[in-house]
Amino acid sequence: SYFPGADISNELLAVWYEIDPWLLKELGVENRFWASDPESRILNETQSEMMAKAIEEAIADSQIQKEEIDLLITTSTVPDYTLPTTATLVQELLEIKKCNALEIHCGCVGALQAIDIANCYIKCKKARTVVIAAGNLMSTYWLRDWKNKEIEGMADQLNMAMFSDSASAIVIQESEEEGILYSFSESVGSGIEKGIFLDMGGAVYPGDQIDFAENRHKWSQRPKLIKKHGSALSKSAMEELAEGTGLSIQDLKWIIFPQANPSLLLNDI
């Protein structure tokens, strides 16, 4: 894993950016990291640079050589650029001369989807060594909105307080030993509204004056909607996991939920 810069405390957010102390306490996050300097608001590291540093650590820990990497997968909520892909930028930073480089545009589940893809590539003999990097670079959005005096309500404050800049990496390699027992991901394609979204930046809303006037450049989320559906979806995934592995939920030593706030997961899981 890699975290940029110094940690940003709740006290700093409350003083420098006027974030409501009550919200910070309720969120349950004490510190976060920004690749942007919180004082000068200058971006010091890109997402691809953070990912490359995380991968370097993973390569060192796994004791593989860069030349062994057949497939490089990156996953993030937002890429550094529309093109070139973040995956190819990371490949260039790592000076990997030749490999397959894929990018997944996804939220929390992206890292698991990348592991699933890596597992499939290895099992069908299209790759032997796969490196995955997951990351986020969000601070540039909040600091832009602050500079433009657009941190206007509790929702904007929540975004600024909740999300962090960071990167993580994992090496997955073919082995005769037992490894990944089972992987599963699923998207609910209808009947649920968007929980978190950023309209602008794609082909539909590329960023004209009307898009800015309608606040399409700002992140929006509906925590109540996430709380309403998150537990049921997590419970369903765990039941699928138990069925696919033949294990009971009680057999699992660790269960890790991709939520920034435990209160968004109800007690019925």
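Annotations
- Here the alpha carbons of region 128-269 define both size measures, Rg and Dmax, at 19.2, 57 Å.
- Met162 - accessible surface, heavy atoms, 1.4 Å probe, Å² rounded to 10: 30 Å²
- Accessible surface ranking that places the most exposed of Cys120, Cys108 first, with a 1.4 angstrom probe: Cys108, Cys120
- Subtracting the Cα-Cα distance of Ser190 and Met238 from their residue separation scaled by 0.36 nm leaves 15.2 nm.
- Sparse-neighbourhood loop sites, trypsin sites (Lys or Arg not before Pro) in region 99-143 - DSSP loop, at most 11 other Cβ within 10 angstrom: Lys125
- To the nearest ten degrees, helix 223-245 and the longest principal axis of the Cα atoms of the chain are 10 degrees apart.
- Sum of -39500 (n - 2.57) over DSSP H runs of 4+, divided by residues of the chain (222 nm, nearest 500): -11000 deg cm²/dmol
- Here Leu181 and Thr88 are evaluated by their C-beta separation; at R0 = 30 Å the FRET efficiency comes out at 0.40.
- Bridge orientation summary for the chain: considering DSSP beta bridges with both residues in this region, about 55 percent are antiparallel.
- Area projected by the alpha carbon convex hull of region 11-71, averaged over all directions, nm²: 6.3 nm²
- Placing R0 at 30 angstrom, the Cβ-Cβ distance between His229 and Asp7 gives a FRET efficiency of 0.45 after rounding to 0.05.
- Considering every alpha-carbon pair of region 62-186, the percent of pairs per 10 Å bin, from zero through the bin containing the longest distance, is 12, 37, 29, 14, 7, 1.
- Average accessible area per residue (Å²) across the chain - probe 1.4 Å, nucleic acids and ligands excluded: 60 Å²
- Each principal axis of the Cα cloud of region 70-142 was taken in turn, and the coordinate range along them, longest first, works out to 43, 27, 16 Å.
- For the chain, the longest principal axis of the C-alpha atoms and the axis of helix 47-62 are separated by about 30°.
- Taking all protein chains as they are arranged and a probe of 1.4 Å, the heavy atoms of Tyr121 leave approximately 50 Å² accessible to solvent.
- Principal axes of region 1-104: Cα extent on each, largest first, Å: 49, 31, 24
- Two-site FRET efficiency, Ile42 against Glu214, from Cβ-Cβ distance with R₀ of 25 Å, rounded to 0.05: 0.30
- When the residues Trp22, Trp34 are ordered by accessible surface, computed with a 1.4 Å probe over the protein chains alone, the sequence from largest down reads Trp22, Trp34.
- Note on surface exposure: Thr129, Thr82, Thr46 rank Thr82, Thr46, Thr129 by accessible area, highest first, 1.4 Å probe.
- Coordinate range along principal axes, alpha carbons of the chain, Å, largest first: 56, 46, 37
- The heavy atoms of Ser168 offer some 50 square angstrom of accessible surface to a 1.4 angstrom probe.
- Centroid-to-centroid separation of region 69-84 and region 151-218 [C-alpha atoms, Å]: 14 Å
- Translational diffusion of region 170-214, µm² s⁻¹ [Kirkwood Rh, Cα pairs; Stokes-Einstein; 10 °C; 1.306 mPa s]: 102 µm²/s
- Other residues with beta-carbon under 14 Å from the beta-carbon of Lys149 carry, at +1 per Lys or Arg and -1 per Asp or Glu, a net charge of -1.
- Based on alpha-carbon atoms, the Kirkwood radius and the radius of gyration of region 102-146 give Rg/Rh equal to 1.19.
- Across Lys25/Lys218; Lys149/Lys194; Lys125/Lys218; Lys53/Lys147, pairs whose alpha-carbon gap is larger than 32 Å: Lys125/Lys218
- Cα-Cα pairs of region 63-111 separated by more than 15 Å (percent): 44 percent
The values are calculated or read from the model by the stated rules, or taken from the named source; none is laboratory data. Please read all numbers here as calculations on a predicted model, not as lab measurements. Cβ sites come from the backbone with ideal geometry, for glycine too, and all protein chains shown count toward neighbours. Each accessible area value is taken on the protein alone, full model and side chains, heavy atoms only, with ligands, DNA and RNA left out. Shrake-Rupley method; radii C 1.70, N 1.55, O 1.52, S 1.80 Å.
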